[in-house]
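The values are calculated or read from the model by the stated rules, or taken from the named source; none is laboratory data. A quick note: this is a predicted structure, and the numbers were derived from the prediction, not measured. Reconstructed Cβ throughout: ideal geometry from the backbone, glycine too, with neighbour counts over all protein chains shown. We work out accessible area using only protein heavy atoms, side chains counted, and drop any ligands, DNA or RNA first. Shrake-Rupley method; radii C 1.70, N 1.55, O 1.52, S 1.80 Å.
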Amino acid sequence: MRRATEKALRRKGIWGAAAASAALLLSSCALLPVEEELPGAPSVSSSAEYGYTTVSVERGDLVREVSATVEYQPSTEEKLYFALDGERIERLYVAKGDTVKKGQLIAELDMGNLPAEITSQENHIREMELQQSHLAETLELTSSQNTKKEKNAQKKVQEAQQALDDAGDVTAEEKKRLEEALSNAQQELETLEAKTRSDERGIQEQLTSLKEQLEVQREKLEELREKKRQRQVYSNINGTVQSTLNVESNPVSSTSTSVAVVQDYSTAVFVLEGENCQYFKKGEAVEITLKDDRVASAKVTRVIEGEEPQVYFSLDVPDPSLGKSSSGKVNKVLEKKENVLYVPAEAVAESEGKAYVYTLDQNSLRSLQPVKTGMSAGDYIEITEGLQEGDPVILE
């Protein structure tokens, strides 16, 4: 500016005026600004001469918020197929939009006589199980009765032995009689024990044979049930039916054509990673702005802390249009102040714990003004003391 002014004066031939102006400028060097040397004494300068950019102190609302990108983790999807080709589809039990549970029957093929065969086999097994139970009870009862009989026989042997021991001096004939009584009691006990072993062994052999037969029949039943399962389709997840096969136009099964598609939206979440995770709490409601500018309501369903923090956001209403490449923006207001004074943050300088701005006084001279600041919100900062609304503040 100074050089441009002197050149113009020379062209007009007014050297005296130029010299006077130069002397005036040199005499005012002490008033030129010392660039950002805070907190020295305020220096002043003509805004017209130095071309300062100024803004006015504004009054309004300040909002401090966090805005972060969240990546979409799609829902779990399951396509369901029949295990057999070329079989007539008997029934489809669900329609698009239905909610299904894990293990729920979705569709089945024509069963023919299979259900009747399964029922017959189940009844046959139940009869065999009842027979097994009856034999086990018989074995237990027989063993109990035989034990009682053996105790009585053992008692007779003990009594006969005691009688013989207590006989003392008796006739040969009497001693022979006592010895025969003991022999008969021992023989009776041996016969009873042999019969007991035989009876129990016979029942046990029947039980063993029946057990083996039951294993065979149960395997046969499982084969029949497996044939039935091959003719049925079950959902392996909790979810919502997204589409189903048109049975009218496709009445025959195919292992390459899905009969239904189920999606579990409980696994569909937006995921936030990094330091911004600290601002969100489980159960908190938020809004997510999608790429097409749609706004979706969501809730924080999971918070993972530690070295690699994560936050999961689940949409209140599932959106089938979202895919693996979907992302969005989540915003959260951290602090808000209404009807406050503020200026651009770049207009405020700090030194030794104090804040300053440069303003223009009524003579358009630059002046250093101490201020007190409050809340910061993006590119702006609140002014709590030192300025009034409309005051000009220098940016450059």
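How many residues, within segment 347-361, are within 15 Å of Tyr52 (Cβ to Cβ) and either of a type in the set (D, E, K, R) or at pLDDT below 90 (or both)?
2
Across segment 56-88, what is the total count of residues that are open to solvent by less than 90 Å² (accessible area, probe 1.4 Å), aromatic (Phe, Trp, Tyr) and not in a strand (DSSP E or B)?
Count: 1.
Is it fair to say Asp293 is in a loop (DSSP other than H, G, I, E, B) and in contact with a strand residue (DSSP E or B) (Cβ under 7 Å, 6 or more places away or on another chain)?
no
Does Val259 count as buried (at least 18 other Cβ atoms within 10 Å of the Cβ), among the hydrophobic types (A, V, I, L, M, F, W, C) and touching a residue at least 40 places away in the same chain (Cβ under 8 Å)?
Yes, satisfied.
Pairs under 7 Å by beta carbon, first residue more than 15 Å from Asn246 (Cβ to Cβ) in segment 92-108, partner surrounded by fewer than 13 Cβ atoms within 10 Å (Cβ to Cβ) and not hydrophobic (A, V, I, L, M, F, W, C), six or more apart or different chains?
Taking only residues 6 or more apart or on different chains, the pairs are Glu108/Arg91.
Here is a list: Arg177, Arg91. Which entry is open to solvent by 60 Å² or more (accessible area, probe 1.4 Å) and either in contact with a helix residue (DSSP H, G or I) (Cβ under 9 Å, 6 or more places away or on another chain) or assigned to a helix (DSSP H, G or I) (or both)?
Arg177
Looking at (1) polar (S, T, N, Q); (2) touching a residue at least 12 places away in the same chain (Cβ under 8 Å); (3) closer than 30 Å to Val317 by Cα, find the lone condition where Asn246 falls short.
Failed condition: (2).
Looking only at segment 308-356, how many residues end up being open to solvent by less than 20 Å² (accessible area, probe 1.4 Å) and in a helix (DSSP H, G or I)?
The qualifying residues number 1.
Every residue in segment 357-381 that is touching a Ser or Thr at 6+ places or on another chain (Cβ under 6 Å) and open to solvent by less than 50 Å² (accessible area, probe 1.4 Å), please.
Within segment 357-381, Thr359, Leu360, Arg366, Ser367, Gly374, Ile381 qualify.
Quick grid of which residues meet (1) under 60 Å from the mean Cα position of the chain (by Cα); (2) at pLDDT 90 or above; (3) at negative phi:
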site: Leu164; (1), (2), (3): no, no, yes
site: Leu178; (1), (2), (3): no, no, yes
site: Glu193; (1), (2), (3): no, yes, yes
site: Asp199; (1), (2), (3): no, no, yes
site: Glu205; (1), (2), (3): yes, yes, yes
site: Thr208; (1), (2), (3): yes, yes, yes
site: Glu212; (1), (2), (3): yes, yes, yes
site: Gln217; (1), (2), (3): yes, yes, yes
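Suppose we filter segment 207-237 for residues that are open to solvent by 80 Å² or more (accessible area, probe 1.4 Å) and within 15 Å of Gln104 (Cα to Cα); how many remain?
Number of matching residues: 3.
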